[in-house]
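This report concerns only the one structure given below.
The values are calculated or read from the model by the stated rules, or taken from the named source; none is laboratory data. The structure presented is a predicted model; accordingly, all values stated were derived computationally and were not measured. Quick reminder, even Gly has a Cβ in these numbers, built from the backbone with ideal geometry, and neighbours come from all protein chains shown.
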Amino acid sequence: MPLPTFSASLNRTKATMPKEATMPTIDVFDPPMCCSTGVCGPEADETLVAFSGALRKLRRHGAEVTRYNPSTTPEAFMDTAVVYDALMDDGHDVLPLILVDGEIVHTGDYPSRDELNQLVGLEPA
């Protein structure tokens, strides 16, 4: 698979995928929470706000992104074998758990935007 190209401006790094590359499928298995955006309750969770923004950007660029909450979609946690096995082996500490194209790539916390870009294959040159 061709590597993406990057351009830097205003101290921000922008990742782009070559035209022939396809964006991944990203599944996020969140821990129990009232909302996945991070802006519910009296104070915003900055980590969740940043992570949600990074996912929105990947979605705009063609990634298929799905988030699962055990309160609303418990069947996804039981029906996805790698997630179920991780939960049985290591408990809820593995949440949040992120799959990219069906493979576990990150567990236990929400990655930064740069970490998420690397996890989905948008690695800097």
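A compact table of results
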{"read-out": "Hey, MET23 at pLDDT below 90, within 30 Å of ASP93 (Cβ to Cβ) and part of a loop (DSSP other than H, G, I, E, B) or not", "value": "yes"}
{"read-out": "Matching entry among THR5, THR47, THR37, THR80 (being modelled with pLDDT of 95 or more, among the β-branched types (Val, Ile, Thr) and either surrounded by 13 or more Cβ atoms within 10 Å (Cβ to Cβ) or in contact with a strand residue (DSSP E or B) (Cβ under 9 Å, 6 or more places away or on another chain) (or both))", "value": "THR80"}
{"read-out": "Residue list for the stretch 92-125, restricted to those being over 12 Å from the mean Cα position of the chain (by Cα), assigned to a loop (DSSP other than H, G, I, E, B) and among the hydrophobic types (A, V, I, L, M, F, W, C)", "value": "LEU122, ALA125"}
{"read-out": "Where ASN117 falls short, out of the listed (1) free of Cβ contacts under 8 Å to residues at least 24 places away in the same chain; (2) over 22 Å from MET33 (Cβ atoms); (3) crowded, with 19+ Cβ neighbours inside 10 Å", "value": "(1)"}
{"read-out": "Of the criteria (1) part of a helix (DSSP H, G or I); (2) in contact with a helix residue (DSSP H, G or I) (Cβ under 6 Å, 6 or more places away or on another chain); (3) not aromatic (Phe, Trp, Tyr), which one PRO70 fails", "value": "(1)"}
{"read-out": "Scan of the stretch 63-89 for residues that are of a type outside the set (Val, Ile, Thr) and in contact (Cβ under 8 Å) with a residue 12 or more places away in the chain, ordered by number", "value": "ALA63, GLU64, ARG67, TYR68, ASN69, PRO70, SER71, ALA76, PHE77, ALA86"}
